[in-house]
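The values are calculated or read from the model by the stated rules, or taken from the named source; none is laboratory data. Values in this document were obtained by computation on a predicted structure and should not be read as measured data. Neighbour counts run over all protein chains shown; Cβ positions are idealised from the backbone, glycine included.
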Amino acid sequence: MRIVLILLLSSSVLCYSQDCTSNLSGKVLDLHDGKPLAEALLVLAGTNISVETDSKGKFSIKGLCDRSYSIQVAHPSCSTKIFSVKVNGNSTRNFKLEHHLEEFNEITVTGKAFNEKSKTITNARISRAEIERLSSGSLGDALNKISGVSALSTGNAILKPLINGLHSSRVVTINNGVRMQDQEWGAEHAPNIDINVADNITLVKGAGALQFGGDAIGGVIIAESAKAPVKDTIFGKTIISGLSNGQGGTVTTRFTKSTEKGLSFAVQGTLKRFGDFETPDYVLSNTGLFERNASFNIALNKFNYTLEAYYSIFKNEIGILRASHVGGAQDQVTAIGSDRPLIVNPFTYDINSPKQDVTHHLARLKATKLFDGLGKLSFQYDFQINRRLEFDIRRGNDRDRASLDLKLVTHSVALDLDTDLSDHTGLKVGLLGRFQDNTADPNTGVRRLIPDYTRYDLGIYGILDHSLNDNLILELGGRFDYSNLDVFKFYRTSLWESRGYDQLFQDIVVEEFESQILANPKLTFNNVSATAGLNYTMNDDYNLLFNYSLAARAPNASELFSEGLHHSASRIEIGDLRFTPEVGHKVGATLKKQGSKFNFSINPFVNLINDFVLIEPTEVQQTIRGNFQVWEYRQTDARLIGVDFDFSYDFTDHFNFTHQSSLVKGHDRTLDRPLINMPPVETKNEIVYTNKKMKNLRIALQSQYVFRQNEFPNNNFEVFIPELGTSEIVDVSTPPDAYHLMNFNSSVDVNVSKASILTIGLTVNNLLDTSYRNYLNRLRYYADDLGRNFLISLKFNY
Amino acid sequence: MKYFKIFSLICLSLTLFTACSGDDTPRRVVAEEVITTMTVTLTPTEGGTDITLKSQDLDGDGPNPPVLTVSGDLAAGVAYNGSIELLNETESPAEDITEEVEELSDEHQFFFTVSGGLDASTTYSNFDNNSNPLGTKLILTAGAASSGSITFTLRHEPKKPNNGTLADAAGETDIDATFDVTIN
């Protein structure tokens, strides 16, 4: 927080005869989205008083008389405005500015930062400070800070964001303006993005942000880098963190050079290395992690046009808990029945099978130009290569060979126009073309989990926002998406026949082999999505948002084509070629208050999804390796109802309290029973002490309570154990108990030199070293979650 | 700006070229290390006809269950030399996996579980490099006339040495076949 209060003349001169002890405080906000504006300058006309807003847009002016003042409010990226304010005792007043000029600057590096998202769905943000505190974590860790977001995890390193109960293909991730194509269909495929790339992460809980796609039934995650300033400067940042649990750490650094002529260059890199993590009682063998990332950006930012080239590489090697790799149902009975994992080895940094090794290349070229009377036109081309290797436990010479080797190449071109039809009406329209080629390398010696395919997508959208009056904004949008998939898949003859495909799809058979059939399915999907919403500003503090979104998602490759044994889950997974797109209708409302001390937001929603694709056990299959549970994808009608609640209160200038809680109930309407993997009710309370005068000291204590999930489908099954001569129940359904975690976080700033600040941080996660298991962790059957973790971080700004 | 335009054009044309390739038919994968077939050959130590127990699952983890065959009944009071052969019959000619298991004997072990009232006992006849049981060779001794079942379980990377039970050995199951057997 940085309050600059300049009183050039003594107030006694100004307030000669009155009792001038009143204060005026409040915020300066963006007229469009209510976002606070930092560093806005407020000048009281006829006086020499001027103050600047802090990073939260707050200001406070002391020693005013009870009378009317004219206040001029100026911000570097807004048109200056003069307001008349009547001061009567201690008063509060918020000022709103038209946030227009900034657009030209913001397109430099970030794309059209804030104007791009939905106006009628709450945009939850994670600030740069929060991201920096989580430098050693993942995108999933960061998103966990937002109410209504949890993570479907596979161990502690693979976190899949779960937004209001939805994940994988239903969540779209935008990395610096590019929609990530990183095989996001897999529940154990974490987003291939380095959190240290982002200066700002925004989450739109729902499909309303149609410019990013019409299929984000769960929501959209938008990670953006900061824009480089248009001035001659050179600056950098390095964060080094060390963790006790995992005995590793992270080094990340970024360096930016920019000139007054608008040319800028930024380079960034991250290195993360961890060994085996630990629970309070034992080592989680083979859970190490090795991540290397880099990104480069060169941009030219002129008043009416911008050019930008961006490239990033992400490489991540993650060990999967050794004890989670089990054979058939009998092994599962033993593993689930044991309190400790069946394999616990001494700590090591080695990452052995089972493991994942993923590389993601992302390149983007973008140009924008401002046309008089037309608006801003932008063109973008992006190119991505995602290579995913998964290593299983194999025998002999195959030991070091991947069992899965997928390469997904994506090219996209997009043309967007952002224009104002009138002073009150804005319009965004765009076109998208995408080509994708997935190749599964046959040299693995294992049948392909996901077949070879090519895919073409074509999308067109329009979003209109209209200010009906000063307080009411109407937003309407529509989008059409066409996709075409051309697939070559080898089916097992036995499966092909058992599902009746030999009757239904004989015409797509290319060739028949001894025990396999090569088929060439060609699938076309035409999807329509739409959004309509209102944003009503009730007064300076209160805002009411209402939104309806229609979203349609074509089934993904895994849902359509899965066929075979999934080792980490110890189950056979089977997709269905006959699936149709799932269609979601989400209605959400948000009431929020943004005051100077007291803030809250309450966000109830209903999401009705027709032909919702889910995977569920259907039978037990006998194989020579024993019995396996068969999980088949099926389509059903689902209903998700929930509410997210946020509350924060500043007790004093130093103490702040925040509360978050979220609830979601998922129901399978077809079978009239709960949906699987719905996040349990969760509540977080945090008290933060900050003191600018004591080296910017920040101390935070957080309590996180996760209730037991009491609504779950019963998918247990029985398996015969020859040694016992009886059948035993394999309990794969019962959720673990509720748990409570305490976390501690602190930091101080040290001025090293005039331009350099060193921030020293100490964090302790799971302070009480609580043993717990998380319902949303797919490895919860086999091991506890992480124990206490000390984290020391050094951040150096220069 | 000109350079930039040229650069974009090059990139775009590259896109188009790559987009036009890749229509080749993919190559079929024949699963290499699966075990489709286990044959237990039991030879009476005092001569006579071999008894074979066979489990064959040609579609692996496909929908068809394994086909179990028992060639005949065991004779009461007779000891049998048992030998286990593992094959991958998805390849042709079939690949003998037994060799691989025996080469990597340290990380494999067979377990034999007699249940359901069958009066029979088993002992290991071959061992790994550390003299822990392997079990691709065994001796099965049939007791009094009875019927029940015998289960053959091959574990990959079990705890070695173990106390002889599946629960203690852990590891992953590579084979799990239960045969109904009668002793006359």
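The condition of being under 17 Å from A:P722 (Cα atoms) and among the β-branched types (V, I, T) holds for only one of B:T136, B:T173, that being B:T173.
A residue that is at pLDDT 95 or above and either outside any strand (DSSP E or B) or more than 14 Å from chain B (Cβ to nearest Cβ) (or both) cannot be found anywhere in the range A:366-383.
I'd like to check something: does the range A:743-752 contain any residue that is in the same structural domain as A:I641 (by TED's automatic domain parsing), closer than 30 Å to A:V630 by Cβ and under 27 Å from the mean Cα position of the chain (by Cα)?
From the range A:743-752, those in the same structural domain as A:I641 (by TED's automatic domain parsing) are A:743-752; that's our starting set.
Right, trim to closer than 30 Å to A:V630 by Cβ and you get none.
Checked against the condition, which is being in the same structural domain as A:I641 (by TED's automatic domain parsing), closer than 30 Å to A:V630 by Cβ and under 27 Å from the mean Cα position of the chain (by Cα), the range A:743-752 yields no hits at all.
Taken together, the criteria exclude A:V446 from residues that are at the interface with chain B (Cβ under 10 Å from one of its Cβ atoms), farther than 16 Å from A:S558 by Cα, touching a residue at least 12 places away in the same chain (Cβ under 8 Å) and within 25 Å of the chain's Cα centre (by Cα). Checking the structure you have, find out if any residue of the range A:196-214 is out of contact with any Asp or Glu (no Cβ under 6 Å at 6 or more places or on another chain), surrounded by 24 or more Cβ atoms within 10 Å (Cβ to Cβ) and within 30 Å of A:F391 (Cβ to Cβ). Yes, there is a match, as at least one residue in the range A:196-214 is out of contact with any Asp or Glu (no Cβ under 6 Å at 6 or more places or on another chain), surrounded by 24 or more Cβ atoms within 10 Å (Cβ to Cβ) and within 30 Å of A:F391 (Cβ to Cβ).
The number of residues in the range B:41-59 being within 13 Å of another protein chain (Cβ to nearest Cβ) and among the hydrophobic types (A, V, I, L, M, F, W, C) comes to 2. Residue-level analysis places A:N527 outside the set of residues that are outside the structural domain of A:G57 (by TED's automatic domain parsing) and at pLDDT below 95.
Comparison of A:S753, A:S747 shows that the only residue that is touching a Gly at 6+ places or on another chain (Cβ under 6 Å) and either closer than 18 Å to A:I239 by Cα or modelled with pLDDT under 95 (or both) is A:S747.
Test of understanding: among B:D176, B:D96, which residue is away from chain A (no Cβ under 11 Å), under 26 Å from A:R447 (Cα atoms) and in contact with a strand residue (DSSP E or B) (Cβ under 9 Å, 6 or more places away or on another chain)? Spell out the reasoning first.
On the way: B:D176 fails: away from chain A (no Cβ under 11 Å).
Of B:D176, B:D96, the one residue that is away from chain A (no Cβ under 11 Å), under 26 Å from A:R447 (Cα atoms) and in contact with a strand residue (DSSP E or B) (Cβ under 9 Å, 6 or more places away or on another chain) is B:D96.
Checked against (1) part of a strand (DSSP E or B); (2) polar (S, T, N, Q); (3) over 30 Å from A:K27 (Cα atoms), A:T580 passes all but a single condition, namely (1).
Is at least one residue of the range B:126-135 farther than 24 Å from B:P44 by Cβ, at pLDDT 90 or above and within 13 Å of another protein chain (Cβ to nearest Cβ)? No: the range B:126-135 contains no residue that is farther than 24 Å from B:P44 by Cβ, at pLDDT 90 or above and within 13 Å of another protein chain (Cβ to nearest Cβ). Does A:T250 satisfy being part of a strand (DSSP E or B) and among the β-branched types (V, I, T)? Judged against the criteria, A:T250 is a match. A:I460 meets the conditions (1) among the hydrophobic types (A, V, I, L, M, F, W, C); (2) assigned to a strand (DSSP E or B); (3) within 11 Å of chain B (Cβ to nearest Cβ) in every case but one. The failed one is (3). Picking from residues in the range A:606-632 that are under 22 Å from the mean Cα position of the chain (by Cα) and crowded, with 22+ Cβ neighbours inside 10 Å, the one that is farthest from the other protein chains (Cβ to nearest Cβ) is A:N607. For A:A700, the conditions (1) modelled with pLDDT under 95; (2) touching an Asp or Glu at 6+ places or on another chain (Cβ under 9 Å) are fulfilled apart from (1).
The single condition among (1) modelled with pLDDT of 95 or more; (2) more than 9 Å from chain B (Cβ to nearest Cβ) that A:T306 does not satisfy is (1). Scanning the range A:79-97 for residues that are surrounded by 14 or more Cβ atoms within 10 Å (Cβ to Cβ) and either touching a residue at least 40 places away in the same chain (Cβ under 8 Å) or not in a strand (DSSP E or B) (or both) returns A:V85, A:V87, A:S91, A:T92, A:R93, A:N94, A:F95, A:K96, A:L97.
Filter the range A:240-265 down to the residues that are at pLDDT below 95 and aliphatic (A, V, I, L, M) and list them by number. Of everything in the range A:240-265, just one residue is at pLDDT below 95 and aliphatic (A, V, I, L, M), namely A:L263. Residue count for the range A:488-519, restricted to those that are facing chain B (nearest Cβ under 10 Å), in contact (Cβ under 8 Å) with a residue 40 or more places away in the chain and hydroxyl-bearing (S, T, Y): 1. Per the listing A:A530, A:A557, the residue uniquely of a type in the set (A, V, I, L, M), out of contact with any Cys (no Cβ under 6 Å at 6 or more places or on another chain) and closer than 30 Å to A:T287 by Cα is A:A557. Pairing residues of the range A:302-317 that are outside any strand (DSSP E or B) with residues that are at pLDDT below 95, at Cβ distances under 8 Å and at least 6 apart in sequence or on separate chains, gives A:K302/A:G262; A:F303/A:F104; A:F303/A:L370; A:N304/A:F104; A:N304/A:K369; A:N304/A:L370. For the range B:60-87, the set of residues classified as within 11 Å of chain A (Cβ to nearest Cβ) and outside any loop (DSSP other than H, G, I, E, B) consists of B:V67, B:L68, B:L86, B:L87, listed by residue number.
All of (1) surrounded by fewer than 18 Cβ atoms within 10 Å (Cβ to Cβ); (2) not in a strand (DSSP E or B) hold for A:R394 with one exception: (1).
For the range B:101-121, filtered to residues that are free of Cβ contacts under 8 Å to residues at least 24 places away in the same chain and within 13 Å of another protein chain (Cβ to nearest Cβ), the residue that is surrounded by the most Cβ atoms within 10 Å (Cβ to Cβ) is B:L104.
Might you let me know whether the range A:160-167 holds any residue that is on the phi > 0 side of the Ramachandran plot, outside any helix (DSSP H, G or I) and either of a type in the set (D, E) or out of contact with any helix residue (DSSP H, G or I) (no Cβ under 7 Å at 6 or more places or on another chain) (or both)?
First, pick out the residues of the range A:160-167 that are on the phi > 0 side of the Ramachandran plot: A:164-165.
Among the residues that remain, those that are also outside any helix (DSSP H, G or I) are: A:164-165.
The next check asks that each one be either of a type in the set (D, E) or out of contact with any helix residue (DSSP H, G or I) (no Cβ under 7 Å at 6 or more places or on another chain) (or both); those that pass are A:164-165.
Taking every residue of the range A:160-167 in turn, at least one turns out to be on the phi > 0 side of the Ramachandran plot, outside any helix (DSSP H, G or I) and either of a type in the set (D, E) or out of contact with any helix residue (DSSP H, G or I) (no Cβ under 7 Å at 6 or more places or on another chain) (or both).
Counting just the residues of the range A:319-361 that are aliphatic (A, V, I, L, M) and assigned to a loop (DSSP other than H, G, I, E, B), which one comes out nearest to the other protein chains (Cβ to nearest Cβ)? The extreme case among them is A:L342.
Looking only at strands (runs of 3 or more DSSP E) that fall completely inside the range A:684-798, which ones have 3 or more residues that are surrounded by fewer than 17 Cβ atoms within 10 Å (Cβ to Cβ)? Full working, then the answer.
Working: elements: A:697-706, A:717-721, A:726-730, A:739-753, A:756-765, A:789-797.
Where strands (runs of 3 or more DSSP E) fall fully within the range A:684-798 and carry at least 3 residues being surrounded by fewer than 17 Cβ atoms within 10 Å (Cβ to Cβ), they are A:697-706, A:726-730, A:739-753, A:756-765, A:789-797.
Is one or more of the residues making up the range B:96-104 closer than 24 Å to A:S727 by Cα and out of contact with any His (no Cβ under 9 Å at 6 or more places or on another chain)? Within the range B:96-104 (the criterion being closer than 24 Å to A:S727 by Cα and out of contact with any His (no Cβ under 9 Å at 6 or more places or on another chain)), the answer is no, since none of the residues qualifies.
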